[in-house]
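Data block below; observations after.
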Amino acid sequence: MLLETLRLYNFKNYAEVELNPDPKINCFLGKNGSGKTNLLDAIHYLAFTKSAINPTDTQNIRFEETQFLIKGRFSVADRQKEVVCAFQQGQKKVVREDNQDYLKFSDHVGKYPVVLITPQDIELIWGGAEQRRRFFDTLLSQLDRFYLENLITYNHQMKQRNTLLRRFSESGSADSELLTSYDHSICIAGNYIHQSRKSLFQEFIPKFKEHYRYIAQESEGVDIQYRSDLEQADFATQLKNHVQRDILLQRTTCGIHRDDFLFLLSRNELKKIGSQGQQKSFLISLKLSEFQIIAEKKGLKPILLLDDIFDKLDDDRIHHLMKLVAEGMFGQLFITDARQDRSRSILRNAGIDSKIFVVENGNLTVNG
Ligand SMILES: Nc1ncnc2c1ncn2[C@@H]1O[C@H](COP(=O)(O)OP(=O)(O)OP(=O)(O)O)[C@@H](O)[C@H]1O
Ligand SMILES: [Mg+2]
């Protein structure tokens, strides 16, 4: 799958820009704040119908303007497809494929798979369980449309259930029958999500360990453990048994919204004992495993977006990563770097040809 043309109109710091990326390797080089990450974010937007950075669309419109538009022409299995995401202040966002508006954006996610590696990924290690769940949800959503639908249903029903719990607590009287009326759909969606996470995880972990061994060239044992309330007992029974506790605490105290994935290095928490380079290698290995699983399951290589990837990696690790690039493991690739000379020399040393776009204040020039 290739992105052949990308066009932005009033998206973030771009007034109007069109670019024709190389089918293989593209570099966006330019100073801090010039707009390199914004370009990757536009590609992410076309894949996921949302920004990876800012969930508030009004803030993604160029300052002083009232609407933005992102247009991408993709080629998938030799067929051309045009995807448009447009947002106008005060109106509903529009996502369109070949001039046909989507009614549900979840029908779009996964058609044009993208894997993004960004400095913000560090939040997967440092942040709460929600961040780690989101990583696996992003992967599963691209593989299985029903997963995303179930997740949306689960979150919606859970919100309603929690509102009811708060109301019970405030009024001092509880109607457990009303409460359990939500449990049926919560259980169906929750069990689907749990089973999907569990079976994905079994496939994921050996791939992840292999990538880490390769990138870090380390025998140091990395591991991930999946923790879920649903491993303890049947979900429906747990919901029923915890009603009193839920009312007391005004929230649902069991379910897949509490799942976590523990990141370990030598059986200790990675956050506590991992060096910056080890943490970065861990994150890259997570993302490369995501890439590999999508490529295998969908039979097409996702577009890989590497934002500031060279920071914090030592020369050996960069060399191993670039070897994968040179060997053609990936499909289309977009790399950003604020240090032009560094990227140019890394690619030159690895014998990799690339199309270079120099980014300056929301303007692009093709250079080399
Ligand atoms: N809605 C918006 N309208 C106009 N400019 C915006 C908007 N949102 C963000 N920007 C601008 O985009 C710029 C940041 O772009 P981006 O994050 O792509 O930079 P970068 O080139 O990746 O920088 P770095 O090297 O520091 O990562 C900032 O100057 C910011 O002010
Ligand atoms: Mg950036």
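The values are calculated or read from the model by the stated rules, or taken from the named source; none is laboratory data. All of these numbers come straight from a predicted model, not from anything done at the bench. Neighbour counts are summed over all protein chains in view; Cβ atoms, including those assigned to glycine, are modelled from backbone coordinates with ideal geometry.
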Next on the checklist: Of the conditions (1) buried (at least 16 other Cβ atoms within 10 Å of the Cβ); (2) without any contact (Cβ under 8 Å) to a residue 40 or more places away in the chain, N191 satisfies every one except a single condition; which number is it?
Outcome noted: (2)
Next on the checklist: Within the range 323-355, take every residue that is away from ligand 2 (no atom under 16 Å from the Cβ) and touching a Gly at 6+ places or on another chain (Cβ under 9 Å) and give me the one that is farthest from K24 (Cα to Cα).
Outcome noted: R344
Next on the checklist: Given the criteria more than 14 Å from ligand 1 (Cβ to nearest atom) and either not in a strand (DSSP E or B) or not small (G, A, S) (or both), does L69 qualify?
Outcome noted: no
Next on the checklist: I'm told A52 meets every condition in (1) near ligand 1 (Cβ under 10 Å from one of its atoms); (2) touching a helix residue (DSSP H, G or I) at 6+ places or on another chain (Cβ under 8 Å) except one. Can you identify the failing condition by its number?
Outcome noted: (1)
Checklist entry - Name the pairs: first residue in the range 213-237 and outside the structural domain of G255 (by TED's automatic domain parsing), second residue part of a strand (DSSP E or B) and of a type outside the set (A, V, I, L, M), Cβ to Cβ under 7 Å, at least 6 apart or on different chains? => result none
Checklist outcome for this item: If we keep only residues of the range 297-322 that are among the acidic types (D, E) and under 16 Å from S285 (Cβ atoms), then the residue nearest to ligand 2 (Cβ to nearest atom) is D314
Checklist outcome for this item: Those residues of the range 1-38 that are part of a strand (DSSP E or B) and either β-branched (V, I, T) or in contact (Cβ under 8 Å) with a residue 60 or more places away in the chain (or both) come to a total of 17
Checklist outcome for this item: Of the residues in the range 1-51 that are closer than 29 Å to I346 by Cα and either outside the structural domain of S106 (by TED's automatic domain parsing) or aromatic (F, W, Y) (or both), the one that is nearest to ligand 2 (Cβ to nearest atom) is F28
Next on the checklist: Can you find a residue that is within 16 Å of ligand 1 (Cβ to nearest atom), polar (S, T, N, Q), closer than 16 Å to Q332 by Cβ and touching a Lys or Arg at 6+ places or on another chain (Cβ under 6 Å) anywhere in the range 6-23?
Outcome noted: no
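Every residue, every condition in (1) assigned by TED's automatic domain parsing to the domain that holds A216; (2) modelled with pLDDT of 90 or more; (3) surrounded by fewer than 20 Cβ atoms within 10 Å (Cβ to Cβ), yes or no:
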{"site": "I293", "(1), (2), (3)": "yes, yes, no"}
{"site": "F334", "(1), (2), (3)": "no, yes, no"}
{"site": "S345", "(1), (2), (3)": "no, yes, yes"}
{"site": "G368", "(1), (2), (3)": "no, no, yes"}
Next on the checklist: Going residue by residue through the range 257-271, is there one that turns out to be over 18 Å from the mean Cα position of the chain (by Cα), touching a residue at least 12 places away in the same chain (Cβ under 8 Å), exposed (fewer than 14 other Cβ atoms within 10 Å of the Cβ) and part of a loop (DSSP other than H, G, I, E, B)?
Outcome noted: yes
Item to check | Near pairs, Cβ below 7 angstrom, 6+ apart or cross-chain, from the range 39-50 (within 11 Å of K71 (Cα to Cα)) to any residue that is among the polar types (S, T, N, Q) | outcome: Y45/S51
Checklist outcome for this item: Residue set S196, S176; condition closer than 15 Å to F136 by Cα, touching a residue at least 40 places away in the same chain (Cβ under 8 Å) and not assigned by TED's automatic domain parsing to the domain that holds R317; output residue S196
Checklist entry - Do we find that Q59 is modelled with pLDDT of 95 or more, in a loop (DSSP other than H, G, I, E, B), of a type outside the set (S, T, Y) and more than 23 Å from I309 (Cβ to Cβ) in this structure? => result no
Next on the checklist: Can you tell me which condition E64 does not meet? The list is (1) assigned to a loop (DSSP other than H, G, I, E, B); (2) in contact (Cβ under 8 Å) with a residue 12 or more places away in the chain; (3) over 27 Å from D144 (Cβ atoms); (4) within 16 Å of ligand 1 (Cβ to nearest atom), and all the others hold.
Outcome noted: (2)
Checklist entry - Among all residue pairs at least 6 apart or on different chains, which show Cβ distances below 7 Å where the first residue, located in the range 339-354, is touching a residue at least 60 places away in the same chain (Cβ under 8 Å) and of a type in the set (A, V, I, L, M, F, W, C) and the second is surrounded by 12 or more Cβ atoms within 10 Å (Cβ to Cβ) and outside any helix (DSSP H, G or I)? => result L347/S354; I352/I25
